[in-house]
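What follows is a single structure, written as structure tokens, with notes after it.
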Amino acid sequence: NSEIFELKAELNSDKKEKKKEAVKKVIASMTVGKDVSALFPDVVNCMQTDNLELKKLVYLYLMNYAKSQPDMAIMAVNTFVKDCEDPNPLIRALAVRTMGCIRVDKITEYLCEPLRKCLKDEDPYVRKTAAVCVAKLHDINAQLVEDQGFLDTLKDLISDSNPMVVANAVAALSEIAESHPNSNLLDLNPQTINKLLTALNECTEWGQIFILDCLANYTPRDDRESQSICERVTPRLSHANSAVVLSAVKVLMKFMEMLPKDLDYYGTLLKKLAPPLVTLLSAEPELQYVALRNINLIVQRRPEILKHEMKVFFVKYNDPIYVKLEKLDIMIRLASQANIAQVLAELKEYATEVDVDFVRKAVRAIGRCAIKVEQSAERCVSTLLDLIQTKVNYVVQEAIVVIKDIFRKYPNKYESVIATLCENLDSLDEPEARAAMIWIVGEYAERIDNADELLESFLEGFHDESTQVQLQLLTGIVKLFLKKPTETQELVQQVLSLATQDSDNPDLRDRGYIYWRLLSTDPVAAKEVVLAEKPLISEETDLIEPTLLEELICHIGTLASVYHKPPSAFVEGSRGVQHKRLPGTAGVSEAPPAVIPSQGDLLGDLLNLDLTPPTTTGPPPPTSGMQMGAMDLLGGGLDSLVMLCDPQMAAGFGAPPAVMPTSFNAPVSGGLDDLFDLGGGVGMPMGSYSPPKTVWLPAMKAKGLEISGTFARRSGVIQMEMTLTNKAMSVMTDFAIQFNRNSFGLAPAGPLQVLTPLSPNQSIEVSLPLNTVGPVMKMEPLNNLQLAFFIYLFFFGFGLYKFNCPNMASY
Amino acid sequence: TNVKSVFLLQLKVLICRNYKGDVDMAEIDHFMPLLMQHEEEGLICPVISHGNVHFLWIKHSNLYLVAMTNKNSNASLVYSFLYKLVEVFTEYFKELEEESIQDNFVVVYELLDELMDFGFPQTTDSKILQEYITQEGAKLEVAKSKVPTTVTNAVSWRSEGIKYKKNEVFIDVIESINVLRGIEPGVNANGSVMSSDIVGSIKLKTMLSGMPELRLGLNDRVLFALTGRDKGKTVVMEDVKFHQCVRLSRFESDRTISFIPPDGESELMSYRINTHVKPLIWIESVIEKFSHSRVEIMVKAKGQFKKQSVANNVEVRVPVPSDADSPKFKTSTGHAKYVPEKNLVVWTIKSFPGGKEFLMRAHFGLPSVENDELEGKPPITVKFEIPYFTVSGIQVRYMKIIEKSGYQALPWVRYITQSGDYQLRTNV
């Protein structure tokens, strides 16, 4: 290639200017993506120069190509080492900065000595660069950094006299600590905290962010320390940089948890937070977006902060769509009786805009307002009816979906609008809207004269419908039949046979069977079950589960707070990392929960679920209703479990019975007994000792249900003792447990007895007697026990969670 | 929590800087297609993810600045930094665009190297950067070979040894009024103001020698309450934001605004005032749309401010349907113009005295075949500026300037009120 050839000649020219121009050309080629790695030796030859600009260019080249030419890169080492001793601090810093960016092992070895000197350099510019270089080196070779004692030097730099050096040392340490969560690198104590708070006043805006983000990881000893840190952090709320403000908000939101609510300062702090949060909405749109996503979390955790600031969330015509959607969400969260009139007027305005996603969300928001603020329900319904009159297709469909929810919140109040809804039946082409409409027709069949005709009209294309529509249609027609049995026998036969015989969908088929069996064995029971009164839906939908919310508050300003997902959900290699939690108010720091490594996602667990073989095999597909009647409802273990897993079905049934396969036909194993005896053998009084409970299933993993437990032996019987805590916002009922095959054949001796529903924030102690006659399967490790836990939650529907009980080891 | 790399792109990558070695640079190739896909779906978002990689981007004219990360980075820091990049590049090259990047790639690389290290933002003050990273490198070899101590100083925004013959400070107090006016539901009439606030900004042009200590005194109600003073009009500032140079803890404890100013131009502080302001220019509009035939617009503008004051360069922008044609205008003052590419009538009044009222009528034809595309309902917007006046009544009471050499310096103050986000919703 002639171009390369020419450049080669120019690089080796004697004239300084020509050399420099040649290197510039090389960099230019590199920038546009040409491969100029062939010039490596020639470029490196230009490295020894007094010309700073030329040196920078050569360094830049090296950073790009060293990895692909590791052997030749070694040629550069000498110059680097020499440059690290240059009298000019700019060159010393440049050398140490660049060396850290060359990820070649051989070079790394030579970096240690220069780095050690630079960390103690007299010039703060060099020290601050060297501090970052430790993090770079750690990223390449962590062991080397530890062996060389660089971490201690870095920790010492926190006490440096120069604020920029402190800030970079903090940043580097935080970065290293993040990849080594258990290293205890940032052992923050009141002294270091004090140093950080002092540096906070003097360093650049970015340094302030590093320090604030680091402070947020600290847990104050008591409320007094907490308050004094808050007092020193609040001035940052007046910083012009939005990122400084958000990081300060994070520290304050976290430490505020430790302040007693009756403390004057607590109220003062709450008041101080609102204005800066509002001002963030005048920042650039992307920063507004981050701010809004975070405000969404803040109003869920502490609604009082922004309760008077509704107006600032009103949508402006020129807001970008992502800002509009977020504002809308916050408006609903802040909606209350005091401001509902204004909010509704706004929402109605938005619903006539042109942006489809925004309009849809606005219509939904009106429905959510109706559910949240009872006094406004009537106005909301009439607004929705007005919107339906516009005949804009997607507006009508959204309106119908939310009206269904309104019916569920206020039964027997707004059913007069059903006629209007029915007029729009033909225009509905979205599954959710069709399903909602069918639900309404079925639920209120007795008031709709032509309910049978309406539902029948959907049956024709039954197989082309989506699953949710099919399920609703099945349930709707069964409801209709139970209400008007005489005219609709044929219709119900038709839908049952469509669902059970012509469908491949197991959910649909099983629901069909259940109805069929119910109707044919005991129509009275069927009526009680299918037409049972449903629990009212609660005020706030789509709130973030409290444990997750706590974690996200600890991550204010970060991507996690933007995604509303814990970092472990999107950062590779962070699965074992502890979830951050807010400190408790008691003034003592709570120990973080023991994290049980998850074995995959919920779906995987469901599919993996190692079900005990049912006592009878599943029934063959019936050909008539009569034959069905003879079947044992609980006969098919699998079928009934699938039934339980279906939230809608469960809702239709009121409270589903908890099914617990109790008969195990496996060989008896003494394995566990032996283990239990061991405890006695070392002198523990039998039955009196049991290890403390540990968290088996953190609430975050199970829609708010936390399970902690331990094993004990009482009067010779092995007991599994559990504390179930409801950290969700809705009532939990119907608990059931299943033991997966384990090494000891451990299985429950009786069903799990949790008789009362578990209210939010309530805990319950449960003791489950166990025996060892269950099926045996060798587990790795041997004492690993895997449990599947079923719960029914109003709202979230049915949950099935699989987890391990690690503390069997203590026996 | 940091950035892995920064890219500048315009359909293709113009320049990039990889700050950490652990993300595949080729990942950026997914950015543009994903962005375009989101745009098509009408779901643009400032964060785009592809597998484990997250792109945080902003757009400057037709250039995309993209930061790439695979960690739980501090998103607000990333966006702040990207905007800072725009600011620094703009100060260096006047315009940040494809050409200026390509023409100055050496300086761009140097800057990217100095602005961020291993994903941690470093020195981003362009005035200080210009002391050791210059465009005509060869000529300033001597100056460039030293790190200004300013970079690592606690006072990182001002260099030592600045000299002026005449020491002066120019203070501009600029207030922008944001107004959002609703409509009365159902009727084609003008509603009331739903939200309004004032965003103020105090800008400095400092031409002072040495390292001067400045103190700014405002008629801040909280300060007056603290010091027990209670004469004259005071202003309640809802929220205040300061330039890096202001000692925040001092302000927090006794409301003193004390600082060593950056040299030259800077924004010292901004504030927000939540009081309900009377819209200085009140607009009443009647827009009647007769489908398939015509649109008739009548706009009345009233100056709701003191008779002695004058609003300059007033622009009332009235939206019209996109398929409107054959415009006709009649104005009692000023000049109306149809801007078809923006679907607007712009009514301009060079000088609008307080208390006066003016009228504009416009008439448009509509095609008999209606445009079946749904159109939004853009608001009427108003632009104006009124000199020698702040709507909040904020005043600079004093500016004390103390420098160890003891020179006398003069502060000059100028007030101006202008329109901010001034939106009046319409029914059509």
Checklist entry - Can you name the residue in the stretch B:57-73 that is closer than 15 Å to B:Lys20 by Cβ and at the interface with another protein chain (Cβ under 10 Å from one of its Cβ atoms) and is also surrounded by the fewest Cβ atoms within 10 Å (Cβ to Cβ) among such residues? => result B:Asn70
Item to check | Meets criteria (in a loop (DSSP other than H, G, I, E, B), closer than 21 Å to B:Pro46 by Cα and under 19 Å from the mean Cα position of the chain (by Cα)) for B:Leu85 | outcome: no
Checklist outcome for this item: Every listed condition ((1) closer than 24 Å to A:Ser336 by Cα; (2) crowded, with 24+ Cβ neighbours inside 10 Å; (3) polar (S, T, N, Q)) holds for A:Asn296 save (2)
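Mind checking whether some residue in the stretch A:62-75 is farther than 23 Å from B:Asn104 by Cβ and among the hydroxyl-bearing types (Ser, Thr, Tyr)?
yes
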Checklist outcome for this item: From the option list B:Ser156, B:Ser209, single residue qualifying as polar (S, T, N, Q) and within 14 Å of chain A (Cβ to nearest Cβ) is B:Ser156
Item to check | Of the criteria (1) outside any helix (DSSP H, G or I); (2) touching an Asp or Glu at 6+ places or on another chain (Cβ under 8 Å), which one A:Pro114 fails | outcome: (1)
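Rundown of residues vs (1) over 20 Å from A:His555 (Cα atoms); (2) of a type in the set (D, E, K, R), yes/no style:
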| residue | (1), (2) |
| --- | --- |
| A:Ala199 | yes, no |
| A:Glu205 | no, yes |
| A:Ile211 | no, no |
| A:Ser226 | no, no |
| A:Val245 | no, no |
| A:Ala248 | no, no |
| A:Lys254 | no, yes |
| A:Gly267 | yes, no |
Checklist entry - Do we have any residue at all in the stretch A:345-355 that's buried (at least 18 other Cβ atoms within 10 Å of the Cβ) and either more than 14 Å from every other protein chain (Cβ to nearest Cβ) or within 21 Å of A:Ser242 (Cα to Cα) (or both)? => result no
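When you look at A:Leu287, is it closer than 28 Å to A:Gln375 by Cα, part of a helix (DSSP H, G or I) and either under 22 Å from the mean Cα position of the chain (by Cα) or of a type in the set (Ser, Thr, Tyr) (or both), yes or no?
Numbers: closer than 28 Å to A:Gln375 by Cα: no; part of a helix (DSSP H, G or I): yes; either under 22 Å from the mean Cα position of the chain (by Cα) or of a type in the set (Ser, Thr, Tyr) (or both): yes.
Answer is no for this residue.
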Next on the checklist: For the stretch A:79-98, give me each residue that is under 21 Å from A:Asn141 (Cβ atoms) and more than 13 Å from every other protein chain (Cβ to nearest Cβ).
Outcome noted: A:Phe80, A:Val81, A:Cys84
Checklist entry - So which residues in the stretch A:169-194 are closer than 19 Å to A:Val132 by Cβ and of a type in the set (D, E, K, R)? => result A:Glu175, A:Glu178
Checklist entry - How do the helices (runs of 4 or more DSSP H) wholly within the stretch A:1-53 filter down when requiring 2 or more residues that are buried (at least 16 other Cβ atoms within 10 Å of the Cβ) and among the basic types (Lys, Arg): which remain? => result A:16-31
Checklist entry - Is at least one residue of the stretch B:13-36 in a strand (DSSP E or B), facing chain A (nearest Cβ under 7 Å), modelled with pLDDT of 95 or more and under 28 Å from the mean Cα position of the chain (by Cα)? => result no
Next on the checklist: Please verify whether B:Gln418 is assigned by the TED database to the domain that holds B:Ile198, of a type outside the set (D, E, K, R), part of a loop (DSSP other than H, G, I, E, B) and out of contact with any helix residue (DSSP H, G or I) (no Cβ under 6 Å at 6 or more places or on another chain), treating the condition exactly as stated.
Outcome noted: no
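Just checking: which of the helices (runs of 4 or more DSSP H) contained wholly in the stretch A:133-223 hold 1 or more residues that are more than 14 Å from chain B (Cβ to nearest Cβ) and at pLDDT 90 or above?
On the way: elements: A:142-147, A:150-156, A:163-179, A:190-200, A:205-215.
The helices (runs of 4 or more DSSP H) meeting that bar are A:142-147, A:150-156, A:190-200.
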Checklist outcome for this item: Residues in the stretch A:406-458 that are touching a helix residue (DSSP H, G or I) at 6+ places or on another chain (Cβ under 7 Å) and of a type in the set (Lys, Arg) total 3
Checklist entry - If you go through the stretch B:167-181 one residue at a time, do you hit one that is over 25 Å from the mean Cα position of the chain (by Cα), surrounded by 14 or more Cβ atoms within 10 Å (Cβ to Cβ) and at pLDDT 90 or above? => result yes
Next on the checklist: Suppose we filter the stretch A:208-227 for residues that are touching a residue at least 40 places away in the same chain (Cβ under 8 Å) and of a type in the set (Val, Ile, Thr); how many remain?
Outcome noted: 2
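Looking only at the stretch B:43-51, decide whether some residue is in contact with a strand residue (DSSP E or B) (Cβ under 8 Å, 6 or more places away or on another chain), within 11 Å of chain A (Cβ to nearest Cβ) and buried (at least 22 other Cβ atoms within 10 Å of the Cβ).
There is at least one residue in the stretch B:43-51 that is in contact with a strand residue (DSSP E or B) (Cβ under 8 Å, 6 or more places away or on another chain), within 11 Å of chain A (Cβ to nearest Cβ) and buried (at least 22 other Cβ atoms within 10 Å of the Cβ).
Look at A:Asp449 and say whether it is free of Cβ contacts under 8 Å to residues at least 12 places away in the same chain, under 38 Å from the mean Cα position of the chain (by Cα) and farther than 29 Å from A:Ala345 by Cα.
Details: free of Cβ contacts under 8 Å to residues at least 12 places away in the same chain: yes; under 38 Å from the mean Cα position of the chain (by Cα): no; farther than 29 Å from A:Ala345 by Cα: yes.
So A:Asp449 fails the test.
So, in the stretch B:79-132, exactly how many residues are among the β-branched types (Val, Ile, Thr), within 11 Å of chain A (Cβ to nearest Cβ) and closer than 29 Å to A:Val134 by Cα?
Restricting attention to the stretch B:79-132, the residues satisfying the condition of being among the β-branched types (Val, Ile, Thr) are B:86, B:88, B:90, B:101, B:106-108, B:123-124, B:128.
The next check asks that each one be within 11 Å of chain A (Cβ to nearest Cβ); those that pass are B:86, B:101, B:106-108, B:123-124, B:128.
From what's left, closer than 29 Å to A:Val134 by Cα: B:106-108, B:123-124, B:128.
Selection size over the stretch B:79-132: 6.
Has the stretch B:230-244 got at least one residue that is more than 24 Å from B:Asp197 (Cβ to Cβ) and within 14 Å of chain A (Cβ to nearest Cβ)? Steps first, answer last, please.
Filtering the stretch B:230-244 down to residues more than 24 Å from B:Asp197 (Cβ to Cβ) leaves B:230-231, B:244.
Retained after the next criterion (residues that are within 14 Å of chain A (Cβ to nearest Cβ)): B:244.
There is at least one residue in the stretch B:230-244 that is more than 24 Å from B:Asp197 (Cβ to Cβ) and within 14 Å of chain A (Cβ to nearest Cβ).
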Checklist entry - What number goes with the only condition from (1) outside the structural domain of B:Glu175 (by the TED database); (2) in contact with a Pro (Cβ under 6 Å, 6 or more places away or on another chain) that B:Ile401 does not pass? => result (1)
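I'd like to check something: does the stretch A:355-368 contain any residue that is without any contact (Cβ under 8 Å) to a residue 24 or more places away in the chain and not acidic (Asp, Glu)? Step through it out loud before you land on a result.
Going residue by residue through the stretch A:355-368, those that are without any contact (Cβ under 8 Å) to a residue 24 or more places away in the chain are none.
Taking every residue of the stretch A:355-368 in turn, none turns out to be without any contact (Cβ under 8 Å) to a residue 24 or more places away in the chain and not acidic (Asp, Glu).
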Checklist entry - Quick check: anything in the stretch A:99-115 basic (Lys, Arg), within 14 Å of chain B (Cβ to nearest Cβ) and within 22 Å of A:Val44 (Cα to Cα)? => result yes
Item to check | Selected residue (criterion: surrounded by the most Cβ atoms within 10 Å (Cβ to Cβ)) from residues of the stretch B:249-307 that are in contact with a His (Cβ under 7 Å, 6 or more places away or on another chain) and more than 14 Å from every other protein chain (Cβ to nearest Cβ) | outcome: B:Arg294
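Matching residues to (1) surrounded by fewer than 16 Cβ atoms within 10 Å (Cβ to Cβ); (2) within 14 Å of chain A (Cβ to nearest Cβ):
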site: B:Asn343; (1), (2): no, yes
site: B:Ser351; (1), (2): yes, no
site: B:Gly354; (1), (2): no, no
site: B:Phe358; (1), (2): no, no
site: B:His363; (1), (2): yes, no
site: B:Leu366; (1), (2): no, no
site: B:Glu370; (1), (2): yes, no
site: B:Gly376; (1), (2): yes, yes
Checklist entry - Take the residues of the stretch A:682-712 that are among the charged types (D, E, K, R) and modelled with pLDDT under 75: which is nearest to the chain's Cα centre (by Cα)? => result A:Lys701
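The values are calculated or read from the model by the stated rules, or taken from the named source; none is laboratory data. Not measured: the values here are computed from a predicted model. Here the Cβ is made from the backbone with ideal geometry for all residues, glycine too, and neighbour counts use every protein chain on show.
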